[in-house]
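Below you'll find the structure, written out as structure tokens, and then a few comments.
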Amino acid sequence: MNFQISKEPIDIQSVIDKVVQRNAGAITTFIGTVREMTKGKKTLFLIYDAYEAMAVKKLEQIGREIEERWPDSQVAITHRVGRLDITDIAVVIAVSTPHRADAYDANRYAIERIKEIVPIWKKEHWEDGEEWMGNQLETVAYPSGKPEEGDLNE
Amino acid sequence: MNKVLFFAHLRDAVGEEFLRLDAAGKSVGELKAELAANYDLPKMDSVMTAVNEEFAQDDEVIQDGDEIAFIPPVSGG
């Protein structure tokens, strides 16, 4: 159960606990939170929706990709769905590896892949309207391959 | 029969979370074009398709019982 979609608030520590291992020299944790201002526009709240069964499969795929690229790594990801207010936690990614550099790199890889292949969508609600967002890069997501250089700079 | 799921802006456009229809024998691309025309769906060129929870190409032929989902550009994270 290292890869989950949650309707309830995410308990950060429980995600971290899943990747604790005796061979780890580092655990990195990424916590994605709901930002209020985007390009000068004020978000009131977000709705996240997911194709849950497929989303879990794609999170598992990301976990396998990481374990292949970074030997002896362990990964756990939980993504929230439903209504989230400003500062709420949308996603928690924990990665453990023998050495710290890999833990940072692999964690970064996980969030970039989530933004490419995991069927989760957010609807932004503003004071003057609402809209489902495509990916923030305004590019078409692709199911295979790795993040391009430009994808890493959001 | 096939269950066809819609998400995000496509769900708003169709007005349903899913439809049940017989798509067996059609390609993914044919079904996509048909639904885009019937429901006046926007931005379908950037929408991917999943068959049984795995991304599929437009030339994949749909079998009876397959679950189809139209996947707009994702925005998780």
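Taken together, the values in this text are just the output of simple stated rules run on the coordinates, not laboratory data. No experiment lies behind these values; they were computed from the predicted model shown. Note: ideal-geometry Cβ built from the backbone for every residue, glycine included; neighbour counts use all protein chains shown.
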> Rounded to the nearest 0.05, what FRET efficiency do B:Glu30 and A:Ala53 have when you use their Cβ-Cβ distance and R0 = 25 Å?
Replying inline: 0.50
> What average count of beta carbons from other chains do you get within 10 Å of the Cβ of residues in A:110-122?
Replying inline: 5
>> Take A:Ile31 and B:Tyr39, extend 7 Å from each Cα along the Cα→Cβ direction, and tell me the distance between the two endpoints in nm.
In response: 3.8
> Looking at the protein assembly as shown, what % of its DSSP beta bridges pair antiparallel, to the nearest 5?
Replying inline: 85
> With contacts defined as alpha carbon pairs under 8 Å and 6 or more residues apart, what's the relative contact order of region A:60-120 in percent?
Replying inline: 32
>> Give the lysines whose C-alpha is closer than 27 Å to that of A:Lys7, dropping any in the same chain fewer than 8 places away, or say none.
In response: A:Lys18, A:Lys41, A:Lys42, A:Lys57, A:Lys58, A:Lys115, A:Lys122, A:Lys123, B:Lys3
> Extension gain A:Lys42-A:Val20, at 0.36 nm per residue separation less the Cα-Cα distance, in nm?
Replying inline: 4.1 nm
> Using the alpha-carbon atoms, what tilt in degrees (0 to 90, nearest 10) does helix A:52-69 show relative to the longest principal axis of chain A?
Replying inline: 40
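If neighbour count is taken as other Cβ atoms inside 10 Å, put B:Leu19, B:Leu35, A:Leu59 in order from fewest to most. Walk me through the numbers before you get to the answer.
Values: B:Leu19 16, B:Leu35 22, A:Leu59 27.
Fewest to most other Cβ atoms nearby, the residues stand as B:Leu19, B:Leu35, A:Leu59.
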>> If I take R0 = 25 Å and measure r between the Cβ atoms of A:Asp128 and A:Arg108 in this structure, what FRET efficiency does the formula 1/(1 + (r/R0)^6) give, to the nearest 0.05?
In response: 0.15
> Considering every residue in B:41-53, what mean count of other chain Cβ atoms within 10 Å of its Cβ is obtained?
Replying inline: 3
> Measuring from label point to label point, each 7 Å out along Cα→Cβ, what is the B:Glu67 to A:Glu67 span in nm?
Replying inline: 2.3
> Considering every residue in A:42-51, what mean count of other chain Cβ atoms within 10 Å of its Cβ is obtained?
Replying inline: 2
> Mind checking the angle between helix B:28-39 and chain B's longest principal axis? C-alpha axes, 0 to 90 degrees, to the nearest 10.
Replying inline: 60
> Just how large is the dipole of chain B about the Cα centre, in debye to the nearest 20, putting +1 at every Lys and Arg Cβ and -1 at every Asp and Glu Cβ?
Replying inline: 220
> Restricting to chain B, what percent of DSSP beta bridges are antiparallel, rounded to 5?
Replying inline: 75
